[in-house]
Amino acid sequence: MFRSPSDLSIPVIAIDGPSASGKGTVAMLVAQALGFHYLDSGAIYRVTAHAAAMAGVALDHEAGLASLARGLQLEFDAGEVFLNGKPVGDLIRGEEAGRAASRIAALPALRAALLERQRAFRQAPGLVSDGRDMGSVVFPDAALKVFLTASAEERAKRRYKQLIEKGFDANLGALLQDLKERDARDAARSAAPLQQSADAVLLETTHLTIQQAVQQVLDWWRDCKTA
Ligand code: DC
């Protein structure tokens, strides 16, 4: 749902990075620790791809997808995503949905259609958002910008564990291959490519626990506020 226009004085922490880096978990825990709102922007791309499949809109029909995206009845509540009032979290978390999201995310008109919807999540007392272009495009004035990554092998292991825990089938080799392809597509596109922006701090998490990564972001946030 659209909320009131966002207020630029409300602080934003932008956490960008590649698939399966753990940025979603870290962003959510940082938001919880600070009492901030949380935006999982990847879920918006995933729900849009799912809605397109339901509506029979082809994943390369840019104008059709942009129009569909503008009309989406989308809500987030207590960690669940609702499309037209129905929970769709389980339907959008699989690898197929991720691939479809990555394909439509390359289309500039679709990205433009989702821009204001994402900015509307900027609500008091603050927002932690994760994605690919949170710091570069959606919230360029974010107070803290983090580029969170890990080696492809470590990310494939994390995704494998996550999928098995959720009861999905998974194959580690296929996941690694898929992640590399998704990284290449997300990084090569001309619209808001996946890349560390010059003003983002790098958080390399291959050898960090989730708690250590969360603590590092909180430390940077404290430094930002006292600077
Ligand atoms: O973070 P995720 O794996 O749920 O994102 C799914 C896809 O959506 C990802 O492959 C690229 C795209 N995406 C994007 O282009 N920009 C964002 N801000 C978030 C996700």
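The values are calculated or read from the model by the stated rules, or taken from the named source; none is laboratory data. Only a predicted model underlies this, so the values are computations on that prediction, with no experimental measurement involved. Cβ coordinates were reconstructed from backbone atoms using ideal geometry, including for glycine residues, and neighbour counts include every protein chain displayed. Ligands, DNA and RNA are stripped out before the accessible areas are found, and what is left, the full protein with its side chains, is counted by its heavy atoms. Shrake-Rupley method; radii C 1.70, N 1.55, O 1.52, S 1.80 Å.
Checked against (1) in contact with a helix residue (DSSP H, G or I) (Cβ under 7 Å, 6 or more places away or on another chain); (2) away from the ligand (no atom under 13 Å from the Cβ), residue 131 passes all but a single condition, namely (2). Entry remark, region 187-212: residues being of a type in the set (Ser, Thr, Tyr), in contact (Cβ under 8 Å) with a residue 24 or more places away in the chain and more than 14 Å from the ligand (Cβ to nearest atom) number 2 in total.
When region 91-116 is filtered for residues that are part of a helix (DSSP H, G or I) and touching a residue at least 60 places away in the same chain (Cβ under 8 Å), the ones remaining, listed by number, are 95, 98, 99, 102, 103, 108, 110, 111, 114, 116. Of all residues in region 30-60, those that are more than 19 Å from residue 89 (Cα to Cα), out of contact with any Leu (no Cβ under 7 Å at 6 or more places or on another chain) and open to solvent by 30 Å² or more (accessible area, probe 1.4 Å) total 7. Of all the residues in region 80-89, those that are away from the ligand (no atom under 14 Å from the Cβ) and either under 19 Å from the mean Cα position of the chain (by Cα) or basic (Lys, Arg) (or both) number 5. Scan region 38-77 for residues that are away from the ligand (no atom under 16 Å from the Cβ) and either part of a strand (DSSP E or B) or not aliphatic (A, V, I, L, M) (or both) and the total you get is 9. Has region 126-137 got any residue that is closer than 30 Å to residue 54 by Cβ, of a type outside the set (Gly, Ala, Ser) and in a helix (DSSP H, G or I)? There is at least one residue in region 126-137 that is closer than 30 Å to residue 54 by Cβ, of a type outside the set (Gly, Ala, Ser) and in a helix (DSSP H, G or I). In region 65-80, the residue that is nearest to residue 12 (Cα to Cα) out of those that are buried (at least 17 other Cβ atoms within 10 Å of the Cβ) and either acidic (Asp, Glu) or at pLDDT 95 or above (or both) is 69. Candidates in region 160-169 are the residues that are at pLDDT below 90 and surrounded by 13 or more Cβ atoms within 10 Å (Cβ to Cβ); of these, the one that is farthest from residue 206 (Cα to Cα) is 168.
Would you mention how many residues in region 169-186 are free of Cβ contacts under 8 Å to residues at least 40 places away in the same chain and either assigned to a helix (DSSP H, G or I) or within 16 Å of the chain's Cα centre (by Cα) (or both)? Residues meeting the conditions: 8. Filter region 90-106 for residues that are near the ligand (Cβ under 10 Å from one of its atoms) and either among the aliphatic types (A, V, I, L, M) or open to solvent by less than 40 Å² (accessible area, probe 1.4 Å) (or both) and give the result. Answer for region 90-106, where residues must be near the ligand (Cβ under 10 Å from one of its atoms) and either among the aliphatic types (A, V, I, L, M) or open to solvent by less than 40 Å² (accessible area, probe 1.4 Å) (or both): 92, 95, 97, 98, 100, 101, 102, 104, 105, 106.
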